[in-house]
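Student: Starting off with a structure, shown below.
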Amino acid sequence: MKRTIAGVLFGLVLGLAWQNLRAQPQLPPPAPDISPTVAFDITKADIDYVLKNAPPNPPDRQLRVVNMGKYNLGVGIIHRGATNDKPGDPIPVIYHDYTPEVYVITSGTGVLTTGGVIENRRASNGVPNVMNGPSGGGTAGNGAYSRRVQEGDIIIIPTNVAHGWSQVTDHVTYLSVRPDPERVLPAGYVYPLLLRNLPTAVPTPPRRPQVDD
């Protein structure tokens, strides 16, 4: 009788363990290590050349998208002219489904509005673009935060956070660094104007022979 009870209890414990194991999420196998083995340059001359020669629209130019191994990384340069809006006008905003951004203001000034409720929201249609992947937009609503930014400022904008410009009297130019963990950006992309030439390599000094004491 004791053996029967013990056998039943063992079967129940084994069954519960099996059910718990089945309920655990199955993690995907680790991605292969495909990290690049070289560095990628975007020189000031490259940025100046794009700003001078690129068409005015769109103002956002993705300079490079690099496969970093476990994620992609995009770097863009954006040059916006005067917005010609008045204080109190609705502020158009956008958001990105998968790509956060880090803005580094390089020249000019304007009012940047972020966060809050997005009114008149236009949901992303899921169509990717070379700049930020799938994105949506609307107008800034309750809880939005506005401040004037200028050269040297850095702003970190998480995924799905609204952001938009207003009261730009002349221009604002900024770099945008875009981590892409979901790989919605096209790895290997280079802005066409940057394909005109490559930077000149500097010879590596020869190594001195090691002298044993």
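The values are calculated or read from the model by the stated rules, or taken from the named source; none is laboratory data. Worth saying up front: this structure is predicted, and the values here are computed from it rather than measured. Backbone-built Cβ (ideal geometry, glycine too); neighbour counts: all protein chains shown.
Student: For the range 85-190, please list each of the strands (runs of 3 or more DSSP E) lying entirely inside it that holds at least 2 residues being touching a residue at least 12 places away in the same chain (Cβ under 8 Å) and buried (at least 18 other Cβ atoms within 10 Å of the Cβ).
Tutor: 92-96, 101-114, 135-140, 163-166, 171-180
Student: Step by step: first the residues of the range 68-84, then only those that are small (Gly, Ala, Ser) and in a strand (DSSP E or B), then the one that is surrounded by the most Cβ atoms within 10 Å (Cβ to Cβ). Which residue is that? Quick ask: steps written out before the conclusion?
Tutor: Keep residues of the range 68-84 that are small (Gly, Ala, Ser), which gives 69, 74, 76, 81-82.
Then keep just the ones that are in a strand (DSSP E or B); that gives 74, 76, 81.
Numbers: GLY74: 25, GLY76: 22, GLY81: 14.
Here the answer is GLY74.
Student: Turning to a different aspect of this structure: Please determine whether any residue of the range 117-125 is under 25 Å from PRO55 (Cα atoms) and among the acidic types (Asp, Glu). First the steps, then the outcome.
Tutor: Narrowing the range 117-125 to residues under 25 Å from PRO55 (Cα atoms): none.
So far as the range 117-125 goes, no, none of its residues is under 25 Å from PRO55 (Cα atoms) and among the acidic types (Asp, Glu).
Student: Which of the numbered conditions does VAL202 fail, given that it passes all the others? Conditions: (1) at pLDDT 95 or above; (2) over 20 Å from the mean Cα position of the chain (by Cα); (3) of a type in the set (A, V, I, L, M).
Tutor: Here VAL202 meets the rest and fails (1).
Student: Then there's this: Run LEU195 past the list (1) loosely packed, with under 15 Cβ neighbours inside 10 Å; (2) under 12 Å from LEU63 (Cα atoms); (3) at pLDDT 95 or above and report the number of the one that doesn't hold.
Tutor: Only one criterion in (1) loosely packed, with under 15 Cβ neighbours inside 10 Å; (2) under 12 Å from LEU63 (Cα atoms); (3) at pLDDT 95 or above is unmet by LEU195, namely (3).
Student: Among the candidates LEU16, LEU63, single out the residue that is within 22 Å of VAL184 (Cβ to Cβ) and either modelled with pLDDT under 90 or in contact with a helix residue (DSSP H, G or I) (Cβ under 8 Å, 6 or more places away or on another chain) (or both). Before you say what the answer is, go through the steps one by one.
Tutor: Values: LEU16 fails: within 22 Å of VAL184 (Cβ to Cβ).
None of the others qualify; the one that does is LEU63.
Student: While we're looking at this one, here's another question. Yes or no: VAL50 β-branched (Val, Ile, Thr) and part of a strand (DSSP E or B)? So that I can check it myself, show each step before the final result.
Tutor: Values: β-branched (Val, Ile, Thr): yes; part of a strand (DSSP E or B): no.
The answer is no for VAL50.
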